[in-house]
1. So what J values fall out for region 205-216 if you push phi through Karplus, 6.51 cos²θ - 1.76 cosθ + 1.60 with θ = phi - 60°, rounded to Hz, Gly and Pro as x?
2. Using a cut-off of 30 Å between alpha-carbon atoms, which lysines can reach Lys99, once sequence neighbours fewer than 8 places away in the same chain are excluded?
3. Please list, ordered by chain and number, the residues whose modelled amide H lies under 5 Å from the amide H of Leu33; skip anything fewer than 5 residues away on the same chain.
4. Largest first, what is the accessible-area ranking of His231, His123 with a 1.4 Å probe?
5. Expressed as a rounded percentage, what relative contact order does the chain have, with Cα pairs under 8 Å and six or more residues apart?
6. When ligands, DNA and RNA are left out and all protein chains stay put, how many square angstrom of accessible area per residue does region 160-281 have with a 1.4 Å probe?
7. Over the residues of the chain, compute the C-alpha Rg and express it relative to 2.2 N^0.38 Å.
8. Pairing the Cα long axis of helix 185-202 with the longest principal axis of the chain, what angle in degrees results, from 0 to 90 and rounded to the nearest 10?
Amino acid sequence: MDKNYFSSTKVGFIGGGNMASAIGAGLIHKGILNPNNVWVSARTTKTLGFWNDLGAHATLKNGEVVDNCEIIFLAMKPHMLDDALECTKETMTVKAVHKLFVSVLAAVTLESLANKLKSIVTHPRIIRCMPNTPMMVGEGITVFCSMNATNQDETMIETLLSYVGVTENVPESLINAISGLSGSGPAYAYLVIEALADGAVKMGVPRPMATKFAAQVLVGAGKMVLETGRHPGQLKDEVCSPGGTTITGVHAMECGQVRASMINAVEAAVKRSNEMASTIK
Ligand SMILES: NC(=O)c1ccc[n+]([C@@H]2O[C@H](COP(=O)([O-])OP(=O)(O)OC[C@H]3O[C@@H](n4cnc5c(N)ncnc54)[C@H](OP(=O)(O)O)[C@@H]3O)[C@@H](O)[C@H]2O)c1
């Protein structure tokens, strides 16, 4: 499956908000998807102008997306799923037989998706994934699992999403746990960037420069971990000279319990995800 394979693939999004933009616009901007083969539906016209400007087909009829596309991303909030599927059923011209659905909905299990999708497709092939918004700039993370999907479906989605980030097939039992890191993680990173920049501003650095350098620190440190394969603790030790400035800064962070805060953040997000999962039938 090379790049050209996807330019003729008809891909749809039910829901045209943040996540659909991160995936769909990310793939269109990279030249992987042909906007002429992309259909997007939403509840209101709020996001449709964005999709029209990209050259995609934007519609208020969810059924049009299912009628036209081979791969359909479900990209609404979890509590909007039932309503979105009802609207889909009402606006489809024929009940679909075989379609591949890719859900990005947090906390909605494969079993629950399979039950709900039966109302609009006889044999739903389902991929449940947990993406994140940096896909918009080609640096995302997606983990996925599947039900009734073929090996070819899995390979196709893994290949497609790999154009906009790291993609891995994982057991469903890990999806919620990983979502507390990769799905919510960009928000944690933005907070760290903002706080580092605040520190630099406090010490007299102009705000735009402080923000740019704080973001580049995270990009650089992330690449060091990924490309050297060295443990982050070892990389940290290597930049902490005895009695030096960096170990003094590290000590200040440890006094602020930064490690416990990060661990707590991931744990809290995963617990919330599990709570949400228990309320969605
Ligand atoms: N944002 C993240 O970082 C992130 C990360 C991982 C997973 N997710 C998952 O991604 C999903 C979408 O999140 P989001 O942040 O993209 O939400 P969002 O920006 O609020 O977008 C939701 C979209 O769904 C549309 N919608 C609502 N009801 C609909 C209906 N009945 N039929 C068709 N479309 C309908 C909305 O239409 P209108 O535009 O007309 O309101 C909107 O375009 C969520 O389930 C979330 O769990 C998000």
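1. 7, x, 3, x, 5, 4, 5, 4, 6, 5, 5, 5
2. Lys3, Lys10, Lys30, Lys46, Lys61, Lys77, Lys89, Lys116, Lys118, Lys281
3. Ile28
4. His231, His123
5. About 14 percent, as a whole number.
6. Each residue of region 160-281 exposes 67 Å² on average to a 1.4 Å probe.
7. This ratio for the chain stands at 1.13.
8. Relative to the chain, helix 185-202 is tipped by roughly 30 degrees.
The values are calculated or read from the model by the stated rules, or taken from the named source; none is laboratory data. Just so we're clear, the structure is a prediction, and the values are computed from it rather than from any experiment. Note: ideal-geometry Cβ built from the backbone for every residue, glycine included; neighbour counts use all protein chains shown. For the accessible areas, the whole protein counts, side chains as well, though only heavy atoms, and no ligand, DNA or RNA atoms are used. Shrake-Rupley method; radii C 1.70, N 1.55, O 1.52, S 1.80 Å.
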